[in-house]
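These notes concern the structure reproduced below.
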Amino acid sequence: MKKHIITLLVLVFSFSAIAQKDKIKQHEKLKALKVAHITEQLDFSSKEAEAFWPVYNDFEEQKNKLREASDIKRKDIDVTKLTNKEAETLIKDMQDLEDARVKSYKIYVDKLSKIISYKKIVLLFNAERSFKRKMIEEFRGRHKDNKKD
């Protein structure tokens, strides 16, 4: 019996590790596709690309950290049981996070404007939206195909 439990635990951890590796690979593949899409849409010079990507990657990292902080704050909260004071604190924390996002965005645009034109900044935002739209359409297409099987 003990051997079966150990075997089962090993299998569960193995599958979990494989799933995690697949998730990382998918994330890296998605990131590479996004980089290619943005590069194609903005037609960077080599000088622009060299200066742009570190700024872009830093901003993406900041956005992810703010998103994670927001998710952590809201994750374990039962909003139906909040006191008024707790709700007030939650709202103020949410406002602080939103202020941090806006400040980060303003700094990002300021840095970008020293590297690429404002027109290319607008093209960047458009490229990000179109990439997201493509990924959603791709997901929906795969989801429909899976339902047919």
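To the nearest 0.05, what FRET efficiency results for Ser117 and Asp93 with a Förster distance of 35 Å applied to their C-beta separation? Walk me through the numbers on the way to the answer.
Details: r = 37 Å, r/R0 = 1.05.
With R0 = 35 Å, the Cβ-Cβ based efficiency is 0.40.
Filter the trypsin sites (Lys or Arg not before Pro) in region 62-125 down to the DSSP loop ones having no more than 14 other Cβ atoms within 10 Å, then list what survives.
Answer in residue order: Lys114.
Among Leu82, Leu124, Gly141, whose Cα sits farthest toward the positive end of the charge dipole of region 28-149 (+1 at Cβ of Lys/Arg, -1 at Cβ of Asp/Glu, about the Cα centre)?
Of the candidates, Gly141 comes out farthest on the positive side.
Can you work out ³J(HN,Hα) from phi for every residue in region 101-110, in order, using Karplus 6.51 cos²θ - 1.76 cosθ + 1.60 and θ = phi - 60°, giving whole Hz and x for Gly and Pro?
4, 5, 4, 4, 4, 5, 5, 4, 5, 4
Checking the table Lys29/Lys111; Lys47/Lys132; Lys63/Lys114; Lys65/Lys85; Lys65/Lys134 against a 23 Å threshold on Cα-Cα, which pairs fail?
Check vs 23 Å cut-off fails for Lys29/Lys111; Lys47/Lys132; Lys65/Lys85; Lys65/Lys134.
Any read-out appearing in this document is the output of simple, stated calculations on the displayed coordinates, not a laboratory observation. Just so it is clear, the model here is predicted, and its values are computed rather than measured. Please note: Cβ atoms are built from the backbone with ideal geometry, for glycine as well, and neighbour counts cover all protein chains shown.
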